[in-house]
Amino acid sequence: METYPLSLALFDFVPVTLFLVGAYFLVRTAVLLRGTACSRMVMAGALLVFLGGFLKALWKILFTTNVGDFQWLSQIQFILVAPGFLALLIAAILIARGRKKSADAINPSAGAPLLAMAAWKIPFLAVMTLSSMGAQGILAYLAFRRGVRLAAIGFIIAFLCLVGMGAMASGEQTVAKQWIEEGMNTLGQLGFLMGSALLYRDVKHNPQNC
């Protein structure tokens, strides 16, 4: 079994950070289009996704530097990220509807035990994959509808990278393969950041645009 190089472990923090910055602009967009309740949903979902990714990256650092193999830091990602992306999907649907409403908040919670083995990951992985892809697709649609093509391209890049990472998930996870996956993840998060920032700029300067 190949060990993780420290450079790969450190690189794990890059896409997580890019996602957080992109989520900031999405929160601001949600405030403008749908109000505080929707923006809080985006914030809650984004924080769950960020925390899941951050803890996995932290596990990889601790494992690579021989501090310890704290598997729960890696495994909890599924419990946090799945409801996080589900919240982002619901928020993206609300944002795409365009008009502000006062209170539509749905608070997803992650109420699942940590003790199970591989089987418990399957439903979380399904929710995480479908919700994240759905959110990117809806945001791309919204950007196209508003005429912000570069933002739409950013969300499409994020969507395609998710598809690519899903296709690479099976099989032996060699270090070379993980470098490719991390590069793809980083490109996808850059697309998400670009899309979110450009969409926010358009909503801020053209609030009446449908």
message: Just checking: which of the helices (runs of 4 or more DSSP H) contained wholly in the stretch 1-103 hold 1 or more residues that are of a type in the set (V, I, T), closer than 18 Å to G183 by Cα and in contact (Cβ under 8 Å) with a residue 60 or more places away in the chain?
response: 13-34
- prompt: Any idea which of (1) surrounded by fewer than 20 Cβ atoms within 10 Å (Cβ to Cβ); (2) at pLDDT below 90 is the one M128 doesn't satisfy?
  reply: (1)
field: Exclusive hit being part of a helix (DSSP H, G or I) and at pLDDT below 95, set G166, G171
entry: G166
statement: Among K177, K100, the single one that is modelled with pLDDT under 90 and touching a Lys or Arg at 6+ places or on another chain (Cβ under 6 Å) is K100
- prompt: Given the residues T29, T64, T17, which is the only one that is at pLDDT below 90 and either within 12 Å of the chain's Cα centre (by Cα) or on the phi < 0 side of the Ramachandran plot (or both)?
  reply: T64
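The values are calculated or read from the model by the stated rules, or taken from the named source; none is laboratory data. Everything numeric in this text was worked out from a predicted model, so none of it was measured. Cβ atoms come from the backbone with ideal geometry, glycine included; neighbour counts cover every protein chain shown.
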